[in-house]
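Below you'll find the structure, written out as structure tokens, and then a few comments.
The values are calculated or read from the model by the stated rules, or taken from the named source; none is laboratory data. None of these values were measured; they are calculated from a predicted model. Neighbour counts are summed over all protein chains in view; Cβ atoms, including those assigned to glycine, are modelled from backbone coordinates with ideal geometry.
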Amino acid sequence: MHELFDNQAEHYDEWYNTPIGRFIDEIEKQKIWQCLQPKAGQAIIDVGCGTGNYMVELVRQGVAVTGVDVSRAMLRRASEKTKGMPVRLMECSADHLPFDDNSFDGALCVTVLEFVSDPIAVIEEMYRVVKPGGRIAAGFIAGDGPWAQAYKKKAQQHYSVFAHARFFTENDIKSMLPAVNLQISYGLYFSPDVTDIEEAITEETRNAYDNDMACPGFLCACWLVE
Ligand SMILES: C[S@@+](CC[C@H](N)C(=O)[O-])C[C@H]1O[C@@H](n2cnc3c(N)ncnc32)[C@H](O)[C@@H]1O
């Protein structure tokens, strides 16, 4: 079956090789690591792992990583990037994880829930496979932020995977699993119109500390499994 991201795999990582892409990646990873708090020796699952951007760093931190994704082409890139590393990759859908209950110390899922048909089922699956006391870190493009607006606009102008995305606000996410322990944090405090890295760094620093100006683009949801 052809998957949405199959055609993206070849060029997916190019963004991370641009100065702005690298800066954004750094900001987003900081939020995800703050939530996930990975530790050497832990077993962590990356749900919708894509080309393995997060997995590579988790391996460097001494974590035993399992990556799952529906796109064979994205998994192929992940396999190339993690060659020789102790990583387990599996092709499966995030709403049916082929693992026993309490198999992992933590789970991450970055910019994936925007593209799945049933995000609540995916969060419930992560909740099921993570042990009590573990953490689930999910990264979202903030639904009411300027980056979501820019992606929506782009998808109207020419073909983009974002034509298939749904963007979630903090309230949307809070209502997904209302009875569980959830902490929300934000990052990416500069506009998608900024093209120069120096300008991006200045805006990021200024806006992150100025509530009137703040309109963050990245939302990190952190569920603490009970
Ligand atoms: C925007 S990419 C993010 C990749 C990676 N998490 C990252 O941050 O670099 C979204 C990924 O989610 C995967 N995906 C979409 N729907 C999925 C599903 N139902 N189950 C598993 N993976 C899925 C796509 O194939 C794609 O690799």
- For the stretch 208-225, pairs from a residue that is of a type in the set (G, A, S) to a residue that is modelled with pLDDT under 80, with Cβ under 9 Å and 6 or more apart or across chains, are A208/A214
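Each row is one residue, and each column tells you yes or no for (1) in a strand (DSSP E or B); (2) within 9 Å of the ligand (Cβ to nearest atom).
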site: E3; (1), (2): no, yes
site: D13; (1), (2): no, yes
site: R22; (1), (2): no, no
site: Q34; (1), (2): no, no
site: A40; (1), (2): no, no
site: I45; (1), (2): yes, no
site: G50; (1), (2): no, yes
- Query: Exactly one of (1) touching a Phe, Trp or Tyr at 6+ places or on another chain (Cβ under 9 Å); (2) surrounded by fewer than 22 Cβ atoms within 10 Å (Cβ to Cβ) is unmet by R76. Its number?
  - Reply: (1)
- Any residue in the stretch 147-159 that's surrounded by 15 or more Cβ atoms within 10 Å (Cβ to Cβ): show its pairings with residues that are of a type in the set (G, A, S) at Cβ separation under 6 Å, as long as the two are six or more apart or on different chains. W147/G217; A155/A163
- Item | Set L97, L89, L113, L58: member being touching a Cys at 6+ places or on another chain (Cβ under 9 Å) and not polar (S, T, N, Q) | L89
- Just name the residue that is surrounded by the most Cβ atoms within 10 Å (Cβ to Cβ) out of those in the stretch 169-226 that are of a type in the set (V, I, T) and in contact with a Pro (Cβ under 8 Å, 6 or more places away or on another chain). V225
- The lone exception for E125 - which of (1) in a strand (DSSP E or B); (2) under 25 Å from C92 (Cβ atoms) it fails: (1)
- Task: Mind listing just one residue for me: the one in the stretch 1-43 that is over 14 Å from the mean Cα position of the chain (by Cα), over 23 Å from A73 (Cβ atoms) and aliphatic (A, V, I, L, M) and, of those, surrounded by the fewest Cβ atoms within 10 Å (Cβ to Cβ)?
- Result: A40
